[in-house]
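The values are calculated or read from the model by the stated rules, or taken from the named source; none is laboratory data. In this text, all values refer to a predicted model and were calculated from it rather than measured experimentally. Glycine gets a Cβ as well: all are built from the backbone with ideal geometry, and neighbour counts include every protein chain shown.
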Amino acid sequence: MEATINVDKQGRTILPKDVRKALGIEGETQMVCRVVGNKIMLEKFSIDLIRKAFVELEEIAPSLELDTVKVEGEDKYVDREYALHKIGI
């Protein structure tokens, strides 16, 4: 899928309806934005994907001593801000 979009003076853009539909974006949604070379990569933010990445990392490198932080509440095992910081976002 390809679409041409405009960016306004404040740097805002609108994702076309077809793009939102393809990604299952409804209403307000958090996105992760990365710059890769001369490209902008946008993907839906998902705490489940971050958890999966940490599980895969532990399976790949079980001997790594990963930093841990005790977190209370809903995201007991993965704190959102901590996870974003650890993956460089």
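So in the range 10-46, with the set limited to residues that are among the acidic types (Asp, Glu) and under 22 Å from Glu81 (Cβ atoms), which one is farthest from the chain's Cα centre (by Cα)? By that ranking, first place goes to Glu28. Within the range 39-53, residues that are touching a residue at least 24 places away in the same chain (Cβ under 8 Å) and over 18 Å from Pro16 (Cβ atoms) sit with their Cβ atoms under 9 Å from residues that are in a helix (DSSP H, G or I) and of a type in the set (A, V, I, L, M), at 6+ positions apart or across chains, in these pairs: Ile47/Ala83; Ile50/Ala83; Ile50/Leu84; Arg51/Ala83; Ala53/Ala83. No other residue among Val32, Val55 is in contact with a strand residue (DSSP E or B) (Cβ under 6 Å, 6 or more places away or on another chain) and either assigned to a helix (DSSP H, G or I) or modelled with pLDDT of 80 or more (or both) apart from Val32.
Scanning the range 58-89 for residues that are of a type in the set (Lys, Arg) and either at pLDDT below 65 or outside any helix (DSSP H, G or I) (or both) returns Lys70, Lys76. Across the range 20-29, which residue is modelled with the highest pLDDT among those that are surrounded by 10 or more Cβ atoms within 10 Å (Cβ to Cβ) and touching a strand residue (DSSP E or B) at 6+ places or on another chain (Cβ under 9 Å)? The extreme case among them is Ile25.
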